[in-house]
Amino acid sequence: MERQGTEMVYTFESHFAAQIENFIAQKNALGFGYLESSRLLRDFDRFCLTHFPEENTLTKELCLAWATKKDTEGNNTFRNRMMPVREFARYLNRNGEAAYILPPDIARKDAPYAPYIYTEAEILAIWDVFDHLKPRGGFPVRQFVIPAMIKLMYCCGLRPSEARRLHVDDVDLDIGRLNIMESKQHRSRIVMMADDVVEMLSNCNAVVSAVMPGREPFFPNTEGGFYGKRGLEKTFRLVLKKAGVTGTGRRSPRLYDFRHTFATHRLYHWMNEGKDLNVMIPYLSAYMGHAQLSDTYYYIHLVPGLLEEMSGFTFSSAEAFLPEVGNDE
């Protein structure tokens, strides 16, 4: 059986094929694109076809076999691979079918990665390299698409995948709004943009639309499809080298770190303005699409060193603004 998504067609062939199709259709009907989870379910379907070709019930044996961690998998990758299968099992249970549900603690989350926080000088150096990016044969809008996509990550705190997967229909340039559809843990949100960001995207869109009319991705790649993670990161590493941004040795700069930098810079500006972070952090949390406030409070731990590095701001004078954060946050 096949599923036509916005990016590719998935074929399901195991005894669970029809049920998986119906499960994904239900997700789509609720407004979820469910693209990455559909890909993982395609892999699960192939696993069932190869190792349990006659099985038509989601048994404990089958699920635990799927839950064998690969040598090449980190904890988070393994955890993400388990989640859609757990949801699928719950779907089967709701429909009165027997299905084993993998326990939630079967895959633990990695300890938070210590992000690299770009200084304002580094960001300006990176932007300068992007502003001199050259077009490439067969991709005449490269110098508009890539800089706008990466600048948007910083300006709006987007995850790289959220920027890469933006559809033209997700970007409302008239009112300055982004519709982030089914991002992490299948949550969607609205992100409002500042006027200069809207102007940047409008200029990019005008040029790209003239070359690729009727495109689906807002930021298309050479073939007019959605950008892949590896291709964008390869270009970004070359830009970092030209900008002279090498990191600290312990932490190498990543695209995702623009999101972390957005959050820490925003906290810095609020603290510098004397605003109450207890009041402001819930807004930042909603804007960034965090599942819980503790995910946003995490950035509090990054602010002290940043303040000293950027402006000599004395952290001790702002301690009254900081909420208490538990050990698990």
Of all residues making up segment 29-63, the number that are assigned to a helix (DSSP H, G or I) and either charged (D, E, K, R) or surrounded by 15 or more Cβ atoms within 10 Å (Cβ to Cβ) (or both): 19
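Within segment 292-306, does at least one residue satisfy the condition of being under 30 Å from P140 (Cα atoms), at pLDDT below 90, open to solvent by less than 70 Å² (accessible area, probe 1.4 Å) and not β-branched (V, I, T)?
The answer is no; no qualifying residue exists.
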Name the single residue, out of those in segment 64-75 being assigned to a loop (DSSP other than H, G, I, E, B) and in contact with a helix residue (DSSP H, G or I) (Cβ under 8 Å, 6 or more places away or on another chain), that is modelled with the highest pLDDT. A67
Residue list for segment 163-177, restricted to those being under 14 Å from the mean Cα position of the chain (by Cα) and without any contact (Cβ under 8 Å) to a residue 60 or more places away in the chain: A163, L166
Of (1) within 13 Å of I117 (Cα to Cα); (2) modelled with pLDDT of 65 or more; (3) out of contact with any helix residue (DSSP H, G or I) (no Cβ under 6 Å at 6 or more places or on another chain); (4) surrounded by 13 or more Cβ atoms within 10 Å (Cβ to Cβ), L255 fails just (3)
Among the residues of segment 183-222, write down those that are at pLDDT below 90 and loosely packed, with under 13 Cβ neighbours inside 10 Å. Q185
G231: passes all of (1) under 22 Å from Y118 (Cβ atoms); (2) free of Cβ contacts under 8 Å to residues at least 12 places away in the same chain; (3) open to solvent by 80 Å² or more (accessible area, probe 1.4 Å) but (3)
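The values are calculated or read from the model by the stated rules, or taken from the named source; none is laboratory data. Everything numeric here is computed off the predicted structure, so don't read it as measured data. Note that we place each Cβ from the backbone using ideal geometry, even for glycine, and neighbour counts take in every protein chain shown. Surface areas here come from the heavy atoms of the whole protein model, side chains and all, with no ligands, DNA or RNA. Shrake-Rupley method; radii C 1.70, N 1.55, O 1.52, S 1.80 Å.
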